[in-house]
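Beneath this line is the structure, given in structure tokens, with notes to follow.
Any read-out appearing in this document is the output of simple, stated calculations on the displayed coordinates, not a laboratory observation. Nothing here was measured: the structure is a model prediction, and the numbers come from that model. Because the Cβ atoms are built from the backbone with ideal geometry, glycine has one as well, and the counts that use them run over all protein chains shown.
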Amino acid sequence: MGYTESDLEKDLEGKEYEYGFVSDFDTDRIENGLNEDVIRLISSKREEPEWLLEFRLKAYRHWLTMYEPDWAHVKYDKPDFQAISYYSAPKPKKELKSLDEVDPELLEMYKKLGISVDEQKRMNGIAIDVVVDSVSVATTFKKTLLEKGIIFMSFSEAVKEYPDLVQEYLGSVVPAADNYYAALNSAVFTDGSFCYIPKGVRCPMELSTYFRINEAGTGQFERTLIVADEGSYVSYLEGCTAPARDENQLHAAVVEIMVKKEAEVKYSTVQNWFPGDAEGKGGVYNFVTKRAMCEGYKSKVSWTQVETGSAVTWKYPSCVLKGDYSEGEFYSVAVTANHQMADTGSKMIHLGKNSKSVIISKGISAGVSENSYRGLVQVHKNAINSRNFSQCDSLLLGDKCGAHTFPYIEVKNKSSQVEHEATTSKIGEDQIFYCQQRGISEEKAISLIVNGYAREVLNQLPMEFAAEAQKLLAITLEGSVG
Amino acid sequence: MSTPIISIKNLHAEVEGHKILKGFNLDINPGEIHAIMGPNGTGKSTLASVIAGKDEYEVTEGEVIFNGKNILELDPDERAAEGVFLAFQYPVEIPGVSNTNFMKAAVNNIREYHGEDPLKAKDFLKLMKEKQELVELKGRLANRSVNEGFSGGEKKRNEIFQMAMLDPKLAILDETDSGLDIDALKIVANGVNQLHTKENSFLVITHYQRLLDHIIPDFVHVMYDGKIVKTGDKNLALELEEKGYDWLK
Ligand SMILES: Nc1ncnc2c1ncn2[C@@H]1O[C@H](COP(=O)(O)OP(=O)(O)OP(=O)(O)O)[C@@H](O)[C@H]1O
Ligand SMILES: [Mg+2]
């Protein structure tokens, strides 16, 4: 008898977060606006080496020549880049004395998510021992990891402690000039995570980092760099379960993953930033560039994402399958409710022989939201005997929402096989009634049906993440039917 | 004379403006088995849906008292928790939701309704096993999604399995015998008979007398144009088999 969905749910209740946060307590903030001086200031405040400043400036100069992309199936007010402060060290938003002062709606959400009281306090800046922090993420497991030679630290620490490693790989998978938002990120990124797994090492635990958005009006430009050396393995979790109640906020992260010969990286995300209110006001703009380079023979990367938050999402975790027999996987559940808009999918670039990729995308749209899958499968001439399978399903709740599929397929040799399947279905009144007739409430029925629909993707997530994701799906869709 | 488990009085119901139930009356006492027969489209499934609480059917007149409560005011899941079970004529598929999880949600929601703690995993699994044996679906259900890819006969047996799991006071079987081979028919009938107690009642909707050879009804009703036009004992079913419905119209 396996561990079931409900077991997972049980376990999540009362579950405490296992990873804490530590921050260096620096409280200044650069004035709004962006120019070369600001970039120099960021770099000097962070005591960065010259090469990194050069990297930033080059990216910035390139960014100035670029235009904001408008091909995605989303509509939003373009961010005013001069109205953003590009550096802000952490400070608790308001000095709250107890949880009684926190927005009751938010508390209700925490409760549903099973977030512990301690963590709730933490998130609202109540506890003084640990502070939510956009500058650095450290983990209590650092020592254990170091014994295995695994490096897992904030990006800024890594720049200081392992400058050569960082310099070697920064921008090697996502070049500074890759796209508009990647260029912006390269110019102004504040912090993020760095991870290096040495040759032949299997990382014994899931590496986890929680991104949070703190200050209203502060753009978030996280930078993550993961290097898996030959024959290594790591499972990496990026998550944020609690929604932040902020102004429209731009979030333009870059995640680069370098996967060497016979190495494997599993990267899982649960994304739940503030989606805006029911009228579509507020919410996070999530414009992320995520790419993995499967560089060598049998390199493998697997992206799994559960996207429930953000007002606008623009995100295509991709795999460059350069090595022969390399493999890329993309499993995605993207939920949009109310006025949310998501344009998400994956790119699989087959360069190596016998390379293999899988795309499983499950879109769920409710309210008046727009949910698009956009995917590119490109098989180059030399990538003989390559294979791709893509499946893109859309589930509609109600009849005012939109689901769209934009698959792009380019195959340049005859021995490769690319398969694409797509379905669109509506959540059935009959299914809900069937559940209700068995004593299951309407809300629980929707959650069951939606989780069933997304099962293939949820199964890819590590256990504790899967439970969180299930709850998120249910909460996001609350009140969407009937 | 005991109080009826369900008492339906002058029930009128319509869907999208079509009047379908037109003054339906029926009392079922605890422990009784009633059969309803009648031509296609006379409203048998509609009656079942109205009792179970399907949204799209609007009750315009009449009452349904179940176990002393006016259940027309309850949500479908509350009616289920009160002890109404409907074995669907066309059971739906729920992809990705295992039978185990589905039944666990059902059983525990109903327990919660009655202020009881959820069943312990061990006890729940034991119950699952026991009831699967009852319909000879042992080992074929647990890890498969609800009804997904099931054959017609398996779906019907799954309905009886679910009924056994939930132990309802009143089970309405809507053409559960349709599409069953002879062996499956016996399995289903056997399941029903094992669950039949002095307290548990059944309302069996069928077109075929052969089911009633295995599940012996106390009463047979003929439904026509939204109401009962004739009531008899099990011999009425035989008579209908022979003469059809025309003589009753
Ligand atoms: N949702 C609906 N919308 C419109 N008409 C409906 C709906 N549901 C039922 N009807 C109509 O109501 C009438 C009764 O249907 P019902 O399914 O109750 O019949 P039945 O007695 O169960 O028939 P059968 O023996 O074929 O199962 C039919 O004419 C049917 O077309
Ligand atoms: Mg019918």
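Side notes on the structure shown:
- Three principal axis lengths of the range A:397-440 [C-alpha, angstrom, descending]: 55, 24, 11
- Highest average packing first - A:413-419, A:368-374, Cβ atoms within 10 Å: A:368-374, A:413-419
- Degrees between helix B:182-195 axis and first principal axis of chain B (Cα, 0 to 90, nearest 10): 80
- For B:Asp181, net neighbour charge (Lys/Arg +1, Asp/Glu -1) across residues whose Cβ lies under 14 Å away: +1
- Ranked by the mean number of other Cβ atoms within 10 Å of their residues, highest first, the peptides A:180-190, A:453-463, B:21-31 come out as A:180-190, A:453-463, B:21-31.
- Rule-of-thumb Rg ratio for the protein assembly as shown [Cα; 2.2 N^0.38 Å; N residues]: 1.12
- Intensity falloff of the range B:52-200 expressed as log10 I(q)/I(0), Debye formula with alpha-carbon point scatterers, at q = 0.10, 0.20 Å⁻¹: -0.36, -1.39
- Pairs from the table (A:Lys78/A:Lys400; B:Lys9/B:Lys169; B:Lys19/B:Lys249; A:Lys362/B:Lys138; A:Lys400/B:Lys22; A:Lys381/A:Lys426) lying more than 28 angstrom apart at Cα are A:Lys362/B:Lys138; A:Lys400/B:Lys22; A:Lys381/A:Lys426.
- Simple rule: put +1 on each Lys or Arg Cβ and -1 on each Asp or Glu Cβ in the protein assembly as shown, find the dipole, and look at B:Val50, B:Ser178, B:Leu86; the Cα lying farthest toward the positive end is B:Ser178.
- Share of Cα-Cα pairs in the range A:257-331 lying beyond 21 Å, as whole percent: 38
- Helix axis angle, B:99-113 relative to chain B longest principal axis, alpha carbon, degrees: 70
- At q = 0.14, 0.18, 0.21 Å⁻¹ the log10 of I(q)/I(0) for the range B:193-249 amounts to -0.40, -0.64, -0.83, computed by Debye summation with a single uniform scatterer per C-alpha, solvent ignored.
- Rg/Rg_globular for the range A:256-393, with Rg_globular taken as 2.2 N^0.38 Å and Rg from C-alpha atoms: 1.11
- Note: relative contact order over the range A:371-465, using C-alpha pairs below 8 Å and six or more positions apart, is 29 percent.
- Relative exposure of B:Ser45, A:Ser390, judged by other C-beta atoms within 10 Å (fewest first): B:Ser45, A:Ser390
- Expected-Rg normalisation [2.2 N^0.38 Å, Cα atoms] applied to chain B: 0.99
- Volume per residue that the Cα convex hull of the range A:350-416 spans, once the total is divided by residue count, Å³: 62
- Charge dipole (Cα centre; +1 on Lys/Arg Cβ, -1 on Asp/Glu Cβ; no other charges) of the range B:101-249 amounts to roughly 480 debye.
- Most fluctuating residue given options B:Leu134, B:Leu212, B:Leu74, as computed from a GNM of chain B linking Cα atoms under 10 Å: B:Leu74
- For the segment A:361-367, counting C-beta atoms of other chains within 10 Å of every residue's C-beta and taking the mean gives 0.
- Semi-axes of the equivalent ellipsoid for the range B:68-149, computed as √(5λ) from the eigenvalues of its C-alpha gyration tensor and ordered from largest down, come to 24, 17, 12 Å.
- Whole-number percent relative contact order across the range B:7-145, with pairs defined as alpha carbons under 8 Å at least 6 apart: 21
- Angle in degrees between helix B:234-243 and the longest Cα principal axis of chain B, rounded to the nearest 10: 60
- Its convex hull of Cα atoms gives the range B:153-249 a direction-averaged projected area, equal to a quarter of the hull surface, of 6.4 nm².
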